Amino acid sequence: MQAAVSLPTEQRITQTLFQGDKFVDQYYRSFGKSVGKFYTPDTRVIWNGAGMTGAQFLQALPQLQAALSGFDVTSYDVQPFGELAMVSVSGTVRLNGKAQFVQYFVVKKTGSLTYI
């Protein structure tokens, strides 16, 4: 016998959508300046196929930020995932020209901060 699946309530879905909307706006707006606030040292990051910790990503971040001139987010989706939210984002990154990108995040809201 399978365990019953607990579906999110309408209120939880609304909160998750608001959290995801706010996260996408803040993350991409702050990428050139203070995006590090979204990462903890234990965050797991896969960047261009290379796995690393949040601490390692933050060490590499200044070089990446220097090469980027911005993002154009064309779409995103937010799904509740227990107490977390799964956020998928697609758009164009301006990095020595333009290239398409897709990023996936699992985020957790702790107080007023959202962490990856």
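The values are calculated or read from the model by the stated rules, or taken from the named source; none is laboratory data. All values reported here derive from a predicted model rather than from experimental measurement. Glycine also receives a Cβ, built like all others from the backbone with ideal geometry; neighbour counts cover every protein chain displayed. These area figures cover heavy atoms from the full protein model, side chains too; ligands, DNA and RNA do not enter into them. Shrake-Rupley method; radii C 1.70, N 1.55, O 1.52, S 1.80 Å.
Computed from backbone phi, the HN-Hα couplings of region 75-82 come to 7, 8, 9, 10, 10, x, 9, x Hz, rounded to whole numbers (Karplus: 6.51 cos²θ - 1.76 cosθ + 1.60, θ = phi - 60°; Gly and Pro given as x). Karplus-based coupling profile of region 86-91, in residue order and whole Hz: 9, 10, 10, 10, 9, x, with θ = phi - 60° in 6.51 cos²θ - 1.76 cosθ + 1.60 and x standing for Gly or Pro. Summarising the label geometry, the points placed 7 Å from Cα in the beta-carbon direction at Asp42 and Arg12 lie 2.2 nm from one another.
Counting pairwise Cα distances across the chain, what percent come out greater than 23 angstrom?
On the way: 2160 of 6670 pairs.
Beyond 23 Å sits 32 percent of the P(r) for the chain.
Computed over protein heavy atoms with a 1.4 Å probe, the accessible surface of region 39-97 works out to 60 Å² per residue.
Using a Cα distance threshold of under 20 Å, what count of lysine pairs results for the chain when pairs must be 8 or more residues apart or interchain?
Details: Lys22/Lys33; Lys22/Lys37; Lys22/Lys108; Lys22/Lys109; Lys37/Lys108; Lys37/Lys109.
Final tally of qualifying lysine pairs is 6.
Helices in the chain, meaning DSSP H runs of at least 4 residues, each add -39500 (n - 2.57). Divided by all residues, the mean residue ellipticity at 222 nm is -10000 deg cm²/dmol. Taking the C-alpha atoms only, the angle from helix 10-30 to the longest principal axis of the chain is near 10 degrees.
When +1 charges are put on Lys and Arg Cβ atoms and -1 charges on Asp and Glu Cβ atoms, the dipole computed for the chain relative to its Cα centre reaches about 300 debye.
With the full set of protein chains in place, find how many percent of the accessible area of the chain is carbon and sulfur; take the probe as 1.4 Å.
Numbers: 4310 of 7760 Å².
Carbon plus sulfur share of accessible area: 56 percent.
In this structure, the amide hydrogen of Gly91, modeled 1.01 Å from its nitrogen in the peptide plane, lies closer than 5 angstrom to those of Thr74, Phe101, counting only residues at least 5 positions away or on a different chain.
Nearest 10 degrees, 0 to 90: what angle lies between the long axis of helix 54-67 and the longest principal axis of the chain (Cα atoms)? Helix 54-67 sits at roughly 50 degrees to that axis.
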